[in-house]
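Trainee: Quick one: the structure is below, and I'll ask about it shortly.
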Amino acid sequence: ALEKITSFFINAGEFIKCASLLKQVDAIQAKLEQYEKSEITRLLQEHATEIKAYYEKLNPGDKVQFSGIEVKGGVRRQAKLSAEAFGKAVNPVTFFSEAHTNSLALSIYFPQRVDRNNTWEVVILDDPVQSMDENHSQALIDILVDISAKKQVIVLTHSKSFFRRL
């Protein structure tokens, strides 16, 4: 019986040490997740400003506008796109036309892969004017002209009109 009591106290001591270490690990993990969320929130806000600037260049005066990107609540790490149409909040995923979606995709692409990437000296776009009208495609040409001052731009397109203007 004495052996069982001694064994119990030895094991209990080890359990208490392990439980204490697990609490420390949980606290470190919570701090890390808090830091990670704040850093991601900061980066998304920074990118949202840049994305919005490109989106507005591609859609000048349009009533449908990208308005931001933020960390989505919940356990999983996700981002949420925000947009407005005629002064009301809308979900870009379900509300945007194909031209608006294409403009948003390009607006996300340019800050990340062109402006912030010093390694890539070439930008290749495959039919970037899908579903875009003349105003959208002209705005894209203006952006590509600006980019071409820093990087080589290669555009593949089926649109003869876009090709001629570019």
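The values are calculated or read from the model by the stated rules, or taken from the named source; none is laboratory data. Computed from a prediction, not measured in an experiment: that's the story for all the values here. Because the Cβ atoms are built from the backbone with ideal geometry, glycine has one as well, and the counts that use them run over all protein chains shown. Only protein heavy atoms, including side chains, enter the accessible area calculation; ligands, DNA and RNA are left aside. Shrake-Rupley method; radii C 1.70, N 1.55, O 1.52, S 1.80 Å.
Trainee: Given a Förster radius of 25 Å and the C-beta distance between residue 8 and residue 28 as r, what FRET efficiency does 1/(1 + (r/R0)^6) yield to the nearest 0.05?
Mentor: Calculated transfer efficiency: 0.25.
Trainee: Suppose the chain between residue 97 and residue 21 were pulled fully straight at 0.36 nm per residue; how much longer would it get relative to their current alpha carbon spacing?
Mentor: 22.0 nm
Trainee: Just subtract the alpha-carbon distance of residue 88 and residue 157 from 0.36 nm times their residue separation and send over the number in nm, one decimal.
Mentor: Gain on extension, residue 88 to residue 157, equals 21.4 nm.
Trainee: Okay, next question. What's the tally of Lys pairs in the stretch 1-143 whose alpha-carbon atoms lie under 26 angstrom apart, where the two lysines are 8 or more places apart or on different chains?
Mentor: The result is 21.
Trainee: Let me ask another. For 116, 165, what's the largest-to-smallest order of accessible area, 1.4 Å probe?
Mentor: These residues rank, largest area first, as 116, 165.
Trainee: How big is the accessible area of residue 121 in square angstrom, nearest 10, if you roll a 1.4 angstrom probe over the protein chains?
Mentor: Rounded to the nearest 10, the figure is 130 Å².
Trainee: I want to check the label-to-label distance for residue 105 and residue 79. Put each point 7 Å from Cα in the C-beta direction and report it in nm to one decimal.
Mentor: According to this spin-label approximation, the distance is 1.6 nm.
Trainee: How much of the accessible area of the stretch 54-123, in percent, comes from carbon and sulfur atoms when a 1.4 Å probe is used?
Mentor: 52
Trainee: Here's another thing I want to ask about it. Using mean Cβ contacts within 10 Å as the protection proxy, how do 10-18, 46-54 order, highest first?
Mentor: Ranked from most to least packed, the peptides come out as 46-54, 10-18.
Trainee: Evaluate the Debye formula for the stretch 56-166 with equal point scatterers sitting on the alpha carbons, no solvent, and hand back log10 of I(q)/I(0) at q = 0.12 Å⁻¹, in q order, two decimals.
Mentor: Calculated log10 I(q)/I(0) at the listed q: -0.48.
Trainee: Here is a follow-up. Considering only protein heavy atoms, what per residue accessible area in square angstrom results for the stretch 66-120 with a 1.4 angstrom probe?
Mentor: Averaged over the residues of the stretch 66-120, the accessible area is 63 Å².
Trainee: Any chance you could check the Cα centroid distance between the stretch 35-55 and the stretch 88-147 for me, in angstrom?
Mentor: So the separation of the two Cα centres works out to 17 Å.
Trainee: Another question, then. If you filter the stretch 94-154 for chymotrypsin sites (Phe, Trp or Tyr not before Pro), then keep DSSP loop positions with at most 12 other Cβ within 10 Å, what is left?
Mentor: Hits after loop and neighbour filter: 120.
Trainee: Would you work out the relative contact order for the chain, in percent, from Cα pairs under 8 angstrom that are 6 or more residues apart?
Mentor: Here the relative contact order equals 17 percent.
Trainee: Give, in nm to one decimal, the length gained when the segment between residue 135 and residue 46 is fully stretched (0.36 nm per residue of separation minus the Cα-Cα distance).
Mentor: Result: 29.3 nm gained on full extension.
Trainee: As an exercise, use a Förster radius of 30 Å and the Cβ-Cβ distance of residue 165 and residue 115 to find the FRET efficiency, rounded to the nearest 0.05.
Mentor: For residue 165 and residue 115, the calculated efficiency is 0.80.
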